[in-house]
Amino acid sequence: MPYINIKVTDEQVTKEQKQKLIAGATQLVVDILGKNPETTHVVIDEVPIDNWGVKGTQYSELINNK
């Protein structure tokens, strides 16, 4: 039973985009690993941009200083 966890920043990801991520990730494990889509679970976690860091800095600071 595959479990796929996708983490994205909480920057207005739409319901439609989430559905495409779920369908695409499911199809990927079906195609590559031969897994059953009926038992493949996908969870999307939206992380606040203050809780996401890159290059030693909060992502919120990076995008606000552009």
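Observations, loosely collected:
- Members of segment 49-58 that are aliphatic (A, V, I, L, M) and in a strand (DSSP E or B): Val54
- For segment 47-63, the set of residues classified as surrounded by 10 or more Cβ atoms within 10 Å (Cβ to Cβ) and either out of contact with any helix residue (DSSP H, G or I) (no Cβ under 6 Å at 6 or more places or on another chain) or more than 28 Å from Gln19 (Cα to Cα) (or both) consists of Val47, Pro48, Asn51, Gly53, Thr57, Glu61, Leu62, Ile63, listed by residue number.
- Taking segment 9-46 as the range and being among the aliphatic types (A, V, I, L, M) and surrounded by 13 or more Cβ atoms within 10 Å (Cβ to Cβ) as the test, the residues that pass are Val13, Leu21, Ile22, Ala25, Leu28, Val29, Val30, Val42, Ile44.
- Among the residues of segment 1-39, those that are over 19 Å from Tyr59 (Cβ atoms) and assigned to a loop (DSSP other than H, G, I, E, B) comprise Met1, Pro2, Thr14, Gly34, Lys35, Asn36.
- Cβ-Cβ under 9 Å pairs, at least 6 apart or on other chains, segment 15-33 side under 17 Å from Met1 (Cβ atoms), far side assigned to a helix (DSSP H, G or I) and not aliphatic (A, V, I, L, M): Thr26/Pro37; Gln27/Pro37; Val29/Pro37; Val30/Pro37
- So Lys66, is it surrounded by 12 or more Cβ atoms within 10 Å (Cβ to Cβ) and in a loop (DSSP other than H, G, I, E, B): no
- Meets criteria (in a helix (DSSP H, G or I) and under 29 Å from Met1 (Cα atoms)) for Glu61: no
- Some residue of segment 29-38 being on the phi > 0 side of the Ramachandran plot and at pLDDT 95 or above: yes
The values are calculated or read from the model by the stated rules, or taken from the named source; none is laboratory data. From a predicted model like this one, the values you see are computed outputs, not experimental measurements. Positions of Cβ are backbone-derived with ideal geometry, glycine not excepted, and every protein chain shown enters the neighbour counts.
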